[in-house]
Ligand code: ADP
Ligand code: MG
């Protein structure tokens, strides 16, 4: 599908008001667009900075009608926006990514089936929706990780299981909701690739990001020449492109991969939106993942991004506001000392309350060489405790 270009001055709508929506809004406004955010939370990070903030539930017909009325096109910023809401909006306005792609990404079982269809290997798995399927799980999938098919994020909704008894107990503990059991794989590393695909099918990509997770949450992203073996760079980009093409995807898509100890590449999951692992693009690339989302939605040209600096991104979780585990009142981290380090770029999301495990912001670090960026990142991490 090809659509008329929406030029600056038009209003772009966003379903969801989290930090990804906020950074989309910033990118859109910088280019001269107006923005409208639909999110029930009066203090949502994107709602706070948008020209229009519609404070209703995602399925509220009146809220959706108002969003469609004031927006020339609509995007989404988190994958758990109900797909039927996107389908309803699409009757009136261009919506990207589309309801079908989002619905597939929302459901681990459908997501994995899509990967298989695209010929991209994923971890051996079984879908568990019934006691019969539980009983039929092959032994080779153990030890494994039981994941709820829907609504999991940042390691939530997951349980490691070693035996059939543990598996049965874990599934019962999850109240028998639809799940996927994945074989636990020996990971050497994790990486992700972000692409942007236009209404006309044209696609550009960022270089693969090397990601470090802590307690199931992304902690550090590193992007520099040689962060991954060349063969994996090409393989992960090719796999991401076939996954995006297979969905007829429009917008920014992130695909996460495991690198196994034997050097092979296995797809993990996808996010139908800009992704935490792409935040470094704001300061290290000539076009950010958020600007590409704006361009894709508006039908503007998608130029191939060029990374002009090696980069490390450190996620800033609410824990940093509680320097010791005993402390119960939040105190501000030492920003002045962190920002005294050359090449540090602070991004905070305007969340009023710091909570442990909550994503409050990120720090992008750029510099002349990968070694210099790494040294600065170590200093920053020490200051932040
Ligand atoms: P989420 O949606 O919460 O990000 P993921 O499926 O990406 O869930 O899992 C979170 C993390 O758990 C991964 O980044 C990885 O470190 C680990 N993990 C997930 N699945 C597997 C697996 N099959 N084998 C080994 N580690 C895994
Ligand atoms: Mg993940």
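Observations on the model:
- Residues of segment 105-127 with an amide N closer than 12 Å to a point placed 7 Å from the Cα of residue 260 along the Cα-to-Cβ direction: 121-125.
- In nm, spacing of pseudo-spin labels at residue 337 and residue 169 (7 Å Cα→C-beta vector): 4.4
- Rel. contact order, % - alpha carbon contacts under 8 angstrom, at least six apart, the chain: 14
- Across segment 187-384, C-alpha contacts under 8 Å between residues 6 or more apart give a mean separation that, scaled by the residue count, equals a relative contact order of 21 percent.
- Residue 215-residue 369 pseudo-label distance in nm [points 7 Å out on the Cα-to-Cβ vector]: 3.6
- Where Rh is the Kirkwood radius over Cα pairs, Rg/Rh for the chain: 0.96
- Extending 7 Å from Cα along the Cβ direction at residue 177 and again at residue 308 yields two label points whose distance is 4.4 nm.
- If the chain linking residue 328 and residue 188 were pulled fully straight, counting 0.36 nm for each residue of separation and taking away their Cα-Cα distance, it would gain 46.7 nm.
- Relative contact order computed over segment 188-292 (Cα-Cα under 8 Å; 6+ residues apart), in percent: 31
- With the cut-off at under 19 Å, measuring from each backbone N in segment 1-23 to a point 7 Å along the Cα-to-Cβ line of residue 202 picks out 1-8.
Bear in mind that the values in this text are calculations on the coordinates, not laboratory data. On a predicted model such as this, the values are computed, not experimentally measured, just so you know. Glycine gets a Cβ as well: all are built from the backbone with ideal geometry, and neighbour counts include every protein chain shown.
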